[in-house]
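Right, one structure below, let's go through it.
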Amino acid sequence: MPSFIPKTMIPYGKQDLSHDDITAVVDVLNSDYLTQGPKVPEFEQAIAHYCNAQFATATNSATSALHIACLALNVSENDTVWTSPVSFVASSNCALYCGAKIHFVDIDSRNGNISVQALSDKLQQAKLHNTLPKVVIVVHLAGNSCDMEAIHQLSIQYNFSVIEDASHAIGANYKGNKVGCCQFSDISIFSFHPVKIITSAEGGMALTNNIELTEKMQLLRSHGITNNTKQMTEESHGPWYYQQVSLGFNYRMTELQAALGLSQIKRLDEFVNKRNALARVYDEAFLDSELTCLLPDNDTFSSYHLYIVVLPHSQKESHKDIITSLRASNIFAHVHYIPIHLQPYYQALGFQNGDFPFAEDYYQRAISLPLYPNLTADEQQYIIHTLLSTLEQLNHKTSIE
Ligand SMILES: *Cc1c(COP(=O)(O)O)cnc(C)c1O
C-alpha cells in the first residue's frame, strides 16, 4: 500500500504552464495587438517548421480547423465523409457542418485507430455502389499515428482526400517523420485545448503542403475576406478596399493564444518525452496483469496524449464499477471515446447500436488513466496500486460467487 494518498482529484490530463508562458501572454496584453498581429503568423511558422510542413493556418479551435479543412477540400451536400467512430464528435461534425453525409469505418482493436482492412473492404463495396467518400478523416488515437502510408495508397486507388485529425498527436512520429508533415495526407489538424500536448487555451492549426488549400483556409477563417489584390475580382477601389470572395467565418486565433502556443512549443519535446516515460512506467506495471495496453505500432513514436488500458472481455461487466471506484479514490479515470454513432444526435441520423461492433466492444472495456507531464511518481504509483487492487478485489468476488 503506497503511503501517498491524494487530497484532491488527479485529473486525466492537465496543462503545464511556466513563468515564461505567463510572461509571453502578459507581454501581448501590453502590446498594440490583441488580435491580427505578429504572433499568429509566428506561431504558424513555428508549428510548420517543427513538423516540416510548408504551410500552417491557425484557428480558434481544432473543430474550426476541421470545418475549414473540409470546406477547402470542397466537401458539400452531395458528398460523403468517412471517419472513425472512436473519436471526439468534432471529427465527424465537421462534415455535417458542410451539409455532407457522414459514415464510419470500424476500428482496429489493437490500437483503437481506424482499421485499414475495414477501410479497404468498405471502399471496395462503395466503389461497386458508387458511394465512395470525398474525404476520409483519420484520427491518431492517443497520439499514436494511423498507418498513413497504407491509407495514402487507398486514397490514390479510390481517389479521395485525407485529413489527419492529429489533435492528439503533435510531437508524434510516423516512419521517421513528424505527424503533421502531410507526407501522406492533404491536411493535418492539431488542437491546443489545455488537455492536449501543448496549449493555447483554445486553438487549432491546419497544416498542408498545398498552397491553394492554405489560401482557401486563410480566407475561410476570416469571413472569406481578402485584401490581397491578386485574390480580387476587380481593381481595388483604394487603400481601404477589401473583398469578400467566399462565405467564411470568424475562426481567428488571438495574439494571446498564439503567444502562449509559441512559448509552449519550446517545451513540446520535453512534454512528449515525459509522457513517454510515464507511459513506460504504466506499461511495466500492467505487464503481468489482465489489462491490455493500447500499444503504438513499431514504426511510430506516440505523443501519448492518453494512456488507455483495455479490460479483458471477462470483466466487461465491471467497467463502470472500476471507473466509479477509481473516481471515488480521487483518480479521474475517463473513457475515450463514447462511439460517435451511439450519440443521440447520430442515432437520429439513422446510426444504430451494433453498426460498428469493434468500436462498441472497445467502448465497454477502455479506461483512460491520468497522464500529463506533471503527474508525480507518487501519484502514478497510487493510480497503479489502486487500479490493480480494484481488479484483484473483483477477481476475488467473482471467484467466491
Ligand atoms: C480535442 C479534439 C478535437 C477538438 O479540438 P478543439 O480544439 O477542442 O476544437 C477534435 N478531435 C479530436 C480527436 C480531439 O481530441
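The values are calculated or read from the model by the stated rules, or taken from the named source; none is laboratory data. Since this is a predicted model, take the numbers as computed values, not measurements. When we count neighbours, we look across all protein chains shown, and the Cβ atoms used for this are built from the backbone with ideal geometry, even at glycine. Just the protein is used for accessible areas: all its heavy atoms, side chains included, with ligands, DNA and RNA removed. Shrake-Rupley method; radii C 1.70, N 1.55, O 1.52, S 1.80 Å.
Residues in the range 64-79 that are assigned to a helix (DSSP H, G or I) and among the hydroxyl-bearing types (Ser, Thr, Tyr): SER64 alone.
Cβ-Cβ distances below 9 Å connect the following pairs, each with a first residue in the range 1-25 that is farther than 14 Å from ILE198 by Cβ, a second residue that is assigned to a loop (DSSP other than H, G, I, E, B) and among the aromatic types (Phe, Trp, Tyr), and a separation of six or more residues or different chains: MET9/PHE332; ILE10/PHE332; PRO11/PHE332; PRO11/TYR372; TYR12/PHE332; TYR12/TYR372.
Just to verify a result, which residue in the range 373-401, among those that are open to solvent by 60 Å² or more (accessible area, probe 1.4 Å) and small (Gly, Ala, Ser), is modelled with the lowest pLDDT? Top of the filtered list is SER399. Among the candidates GLY171, GLY143, the residue that is farther than 21 Å from SER92 by Cβ and touching a Leu at 6+ places or on another chain (Cβ under 8 Å) is uniquely GLY171.
Looking across the range 94-108 at every residue that is under 18 Å from the mean Cα position of the chain (by Cα) and assigned to a loop (DSSP other than H, G, I, E, B), the one that is surrounded by the fewest Cβ atoms within 10 Å (Cβ to Cβ) is identified as ASP108.
Among SER91, SER87, which is in a loop (DSSP other than H, G, I, E, B), within 15 Å of the ligand (Cβ to nearest atom) and closer than 19 Å to GLU164 by Cβ? Checking each option against the conditions leaves just SER87. State whether one or more residues within the range 190-213 are open to solvent by 40 Å² or more (accessible area, probe 1.4 Å), in contact with an Asp or Glu (Cβ under 9 Å, 6 or more places away or on another chain) and more than 16 Å from the ligand (Cβ to nearest atom). Yes, there is a match, as at least one residue in the range 190-213 is open to solvent by 40 Å² or more (accessible area, probe 1.4 Å), in contact with an Asp or Glu (Cβ under 9 Å, 6 or more places away or on another chain) and more than 16 Å from the ligand (Cβ to nearest atom). Filtering the range 108-167 to residues that are of a type in the set (D, E, K, R), touching a helix residue (DSSP H, G or I) at 6+ places or on another chain (Cβ under 6 Å) and more than 16 Å from the ligand (Cβ to nearest atom) leaves only ASP147.
Scanning the range 9-27 for residues that are among the acidic types (Asp, Glu) and open to solvent by less than 80 Å² (accessible area, probe 1.4 Å) gives ASP16, ASP21. Report whether or not ALA126 is under 25 Å from ILE367 (Cβ atoms) and either free of Cβ contacts under 8 Å to residues at least 12 places away in the same chain or surrounded by 17 or more Cβ atoms within 10 Å (Cβ to Cβ) (or both). Taking the combined requirement at face value, the residue does not satisfy it. Residues that are assigned to a helix (DSSP H, G or I) and within 22 Å of ILE10 (Cβ to Cβ) are absent from the range 350-362. Which residue, of ASN30, ASN74, is without any contact (Cβ under 8 Å) to a residue 12 or more places away in the chain, more than 25 Å from ASP361 (Cα to Cα) and surrounded by fewer than 16 Cβ atoms within 10 Å (Cβ to Cβ)? Every option except ASN30 fails the conditions. Within the range 44-54, is even one residue farther than 24 Å from PRO344 by Cβ and within 16 Å of the ligand (Cβ to nearest atom)? There is at least one residue in the range 44-54 that is farther than 24 Å from PRO344 by Cβ and within 16 Å of the ligand (Cβ to nearest atom). Among the residues of the range 229-248, those that are open to solvent by 60 Å² or more (accessible area, probe 1.4 Å) and not β-branched (Val, Ile, Thr) comprise LYS230, GLU234, GLU235, HIS237, PRO239, TRP240, TYR242, GLN244, LEU247.
Against the test of being among the hydroxyl-bearing types (Ser, Thr, Tyr), assigned to a helix (DSSP H, G or I) and under 24 Å from SER191 (Cβ atoms), the options TYR304, TYR345, TYR337 yield a single qualifying residue, TYR345.
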